6 protein chains.
Amino acid sequence: MTDTAAGQHDIDSPGQLARRRHGQSVLSRIDGHAGEAVIDSLADINPALGHHIAAFGFGDIYDRPGLDPRSRQLVTLGSLIALGGCEPQLKVHIGAALNVGISRDEITEVILHAACYCGFPRAVNASVVAREVFIERDTAPAT
Amino acid sequence: MTDTAAGQHDIDSPGQLARRRHGQSVLSRIDGHAGEAVIDSLADINPALGHHIAAFGFGDIYDRPGLDPRSRQLVTLGSLIALGGCEPQLKVHIGAALNVGISRDEITEVILHAACYCGFPRAVNASVVAREVFIERDTAPAT
Amino acid sequence: MTDTAAGQHDIDSPGQLARRRHGQSVLSRIDGHAGEAVIDSLADINPALGHHIAAFGFGDIYDRPGLDPRSRQLVTLGSLIALGGCEPQLKVHIGAALNVGISRDEITEVILHAACYCGFPRAVNASVVAREVFIERDTAPAT
Amino acid sequence: MTDTAAGQHDIDSPGQLARRRHGQSVLSRIDGHAGEAVIDSLADINPALGHHIAAFGFGDIYDRPGLDPRSRQLVTLGSLIALGGCEPQLKVHIGAALNVGISRDEITEVILHAACYCGFPRAVNASVVAREVFIERDTAPAT
Amino acid sequence: MTDTAAGQHDIDSPGQLARRRHGQSVLSRIDGHAGEAVIDSLADINPALGHHIAAFGFGDIYDRPGLDPRSRQLVTLGSLIALGGCEPQLKVHIGAALNVGISRDEITEVILHAACYCGFPRAVNASVVAREVFIERDTAPAT
Amino acid sequence: MTDTAAGQHDIDSPGQLARRRHGQSVLSRIDGHAGEAVIDSLADINPALGHHIAAFGFGDIYDRPGLDPRSRQLVTLGSLIALGGCEPQLKVHIGAALNVGISRDEITEVILHAACYCGFPRAVNASVVAREVFIERDTAPAT
């Protein structure tokens with residue numbers, strides 16, 4: 001889909017490949033299939049972005065020992081709800097929150113809590129996304 | 001849809017119930033069915049959020065005598081247009097603006113005016129929402 | 001302060017000059033000295049921006065008959081509070097709100113109302129700006 | 001669709017009409033049919049907004065000699081990606097970027113670069129829009 | 001500082017007073033003097049805002065049993081870092097984070113983590129605020 | 001200033017150190033002393049953030065061949081102006097823009113252009129930052 005491969009070559013060097021594979025293993029452990037799907041969905045249009053989300057976002061940052069996975073997901077939810085316009089990412093990360101042991105009640109409580117800081121509209125939109133994730137979990141095998 | 005009812009129980013205490021009912025009456029007076037629909041739509045996924053939008057947002061704040069309903073809707077529109085990503089809320093509140101006597105021409109003028117502060121893209125998106133509301137009013141009985 | 005005058009020349013054509021002068025008269029009528037000061041403060045660094053804020057923002061938009069000055073200021077306050085990081089602009093426009101007859105109590109009520117849509121932090125920051133404006137009005141001749 | 005024509009009359013004065021026509025010619029040169037479609041789509045709901053996007057945004061600003069079209073589109077992309085919630089506008093301007101000679105690889109690189117400043121979610125959303133534009137170009141005659 | 005007390009009277013009704021006092025006790029428990037100072041600082045300019053931050057934000061929301069204090073602060077930090085322009089609020093809540101047992105290293109890790117979602121600039125600004133809080137804790141008796 | 005070094009240790013591994021040094025050389029080439037100062041200023045409070053801004057932001061992203069430095073700075077300016085609240089970062093990157101050959105007139109034109117997408121207030125704030133950078137360049141040896 002891109003007219004040349006220029007500027008993308010380095011993401012397949014041995015060093016970058018090792019970083020990406022490590023990041024993808026972290027991503028799969030947390031986000032399951034939904035996370036892998038994000039990276040895969042970027043393969044045709046912006047493979048370097050997918051590479052760096054995996055290599056940097058998950059391999060370099062998420063995997064750091066300084067914060068437990070539950071805490072990371074709470075920060076992530078707080079940020080995504082406040083940013084707005086991140087419904088697809090919120091969907092992945094509400095799923096990830098469930099995966100690391102945050103309950104459905106806690107997720108809806110997170111959304112209510114965030115409303116104090118970013119207002120009710122963002123919280124309503126996040127609740128709609130949460131419903132989608134919960135329904136998918138109820139009607140399909142969990143990731 | 002939630003795994004336990006923990007943390008939600010207090011919204012049905014007599015005091016909270018009275019606050020919610022008062023808020024819902026304010027909400028219904030302003031937003032009509034569209035407002036009730038927002039609260040109802042949260043009943044399964046985040047009832048406490050719905051409760052507090054009614055009890056706090058409408059009962060505690062909107063109902064205060066310090067600002068007339070027309071003024072409150074103008075502030076609301078200014079905020080929602082600028083925030084972006086609040087199309088569902090903008091739809092409810094453009095309807096509410098009509099309900100409190102703000103004309104269609106005034107609403108489109110509000111959107112044009114807001115463009116100076118938040119840029120053209122937010123104004124174009126708000127115009128698309130306004131069209132939806134106006135068409136619904138033209139083709140269905142008003143709320 | 002700029003290395004060449006290239007690209008700025010057109011703002012002093014007779015047509016643009018007439019548009020700017022008209023806009024500045026609207027601006028002065030609403031914002032008084034504070035508004036003029038904004039345009040003046042851009043004269044050395046970005047005169048074309050100052051020109052277009054006057055010519056477009058005030059001459060083309062604010063002066064349109066479709067919305068009264070009180071309503072325009074309510075929309076402006078709603079947008080600026082929600083955007084955040086616009087404290088200098090909020091200061092000018094809280095002054096302008098007073099100039100068009102919006103009371104101090106209404107301004108603080110606007111800020112409280114906006115909190116439902118954009119959260120408490122933006123409302124607290126806007127309140128700090130309102131205090132500054134009110135104190136300046138109490139200790140100095142009004143613009 | 002509006003209840004009166006009040007407040008819109010001035011956009012068809014000879015002076016405003018000349019400004020709009022000039023702006024539309026700039027817009028068509030850059031954005032092609034997609035740009036015209038945006039203005040046309042506002043004709044029923046907010047014609048004054050469409051007028052000022054053409055007259056001011058394109059006639060007054062985009063056409064200024066101080067910055068080449070490629071540079072303007074790079075700034076535009078950086079702004080729209082960071083703002084979020086501007087997917088329809090991003091679609092028009094990714095098309096415009098291709099029109100002024102920015103390659104597909106450069107556009108995806110712009111998106112990756114912007115991620116450092118506004119985070120990964122905005123970049124992922126922008127990539128989805130880029131894919132849509134690229135596919136439309138591959139399957140239909142270019143604008 | 002306000003021209004009349006109209007519209008503020010209800011915050012001192014017995015019911016509202018009880019709600020505010022409960023909220024203030026929650027606020028003091030979490031945020032210590034810094035939290036009280038925020039409410040106090042609003043007493044002259046926007047007492048109703050101060051009331052509702054205490055009564056609603058802390059009494060109604062923060063005190064709910066559905067999420068532990070540590071989790072609430074992680075969500076709060078994620079939201080405030082992402083919103084940007086909330087440095088005063090971030091200062092209070094970084095202090096609150098320390099109060100509920102989140103370590104300094106965890107706080108800086110939260111900021112680094114949030115950078116993936118909202119970009120590096122917001123994270124750098126948050127780090128500057130964290131330094132201020134940490135220095136104040138090192139040089140003065142803790143709140 | 002941090003209570004333990006846990007979680008930070010990996011940024012000094014040979015691999016990370018090489019990545020950081022490479023990133024810092026890119027950063028110094030573009031941003032000069034101002035860029036180094038940003039990283040240095042994070043050394044005490046959030047060294048891992050400083051590391052990753054250098055290693056990822058500059059080494060992995062900025063240094064990619066897919067976009068020339070001038071284009072990267074135009075995208076950066078567009079993003080930072082639109083985000084708002086990024087004045088310190090805007091200051092560094094307006095300096096960087098000058099370093100890669102973008103003229104002062106082009107920078108002010110970039111700011112005016114961005115106003116169409118993110119509104120006048122953000123553009124006025126960015127102009128104030130540009131003035132600071134230009135004055136510093138006039139009164140001190142360039143970085």
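The values are calculated or read from the model by the stated rules, or taken from the named source; none is laboratory data. Computed from a predicted model, the values in this text were never measured in an experiment. As a convention, Cβ positions derive from the backbone with ideal geometry for all residues, glycine included, and neighbour counts pool all protein chains shown.
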Within segment D:67-114, considering residues that are surrounded by fewer than 24 Cβ atoms within 10 Å (Cβ to Cβ) and in a loop (DSSP other than H, G, I, E, B), the one nearest to the chain's Cα centre (by Cα): D:Val100
If I ask for residues that are small (Gly, Ala, Ser) and either in contact with a Pro (Cβ under 8 Å, 6 or more places away or on another chain) or within 22 Å of D:Gly57 (Cα to Cα) (or both), which ones from segment C:29-71 would you list? C:Ala43, C:Ala48, C:Gly50, C:Ala54, C:Ala55, C:Gly57, C:Gly59, C:Gly66
Is there a residue in segment A:28-40 that is crowded, with 20+ Cβ neighbours inside 10 Å and at pLDDT 95 or above? no
Looking only at segment A:11-54, which residues are among the polar types (S, T, N, Q) and within 11 Å of chain D (Cβ to nearest Cβ)? A:Ser41, A:Asn46
Just to be sure I understand, how many residues within segment B:55-84 are of a type outside the set (S, T, N, Q), facing another protein chain (nearest Cβ under 7 Å) and either touching a helix residue (DSSP H, G or I) at 6+ places or on another chain (Cβ under 7 Å) or touching a residue at least 40 places away in the same chain (Cβ under 8 Å) (or both)? 17
Taking the residues in segment F:125-136 that are within 7 Å of another protein chain (Cβ to nearest Cβ) and not polar (S, T, N, Q) as candidates, determine which candidate is surrounded by the most Cβ atoms within 10 Å (Cβ to Cβ). F:Ala130
List the pairs whose first member sits in segment C:97-116 and is assigned by TED's automatic domain parsing to the domain that holds C:Ala130 and under 15 Å from C:Asp31 (Cα atoms), whose second member is of a type in the set (Gly, Ala, Ser) and surrounded by fewer than 21 Cβ atoms within 10 Å (Cβ to Cβ), and whose Cβ atoms are under 7 Å apart, counting only residues at least 6 apart or on separate chains? C:Asn99/C:Gly32
Restricting to segment E:14-58, what's the tally of residues that are charged (D, E, K, R), more than 16 Å from the chain's Cα centre (by Cα) and assigned to a helix (DSSP H, G or I)? 2
How many residues does segment C:12-25 hold that are touching a helix residue (DSSP H, G or I) at 6+ places or on another chain (Cβ under 6 Å) and either under 13 Å from C:Ile39 (Cα atoms) or not assigned by TED's automatic domain parsing to the domain that holds C:Ala54 (or both)? 3
Looking only at segment D:54-63, decide whether some residue is under 16 Å from D:Gln89 (Cα atoms) and surrounded by fewer than 19 Cβ atoms within 10 Å (Cβ to Cβ). no
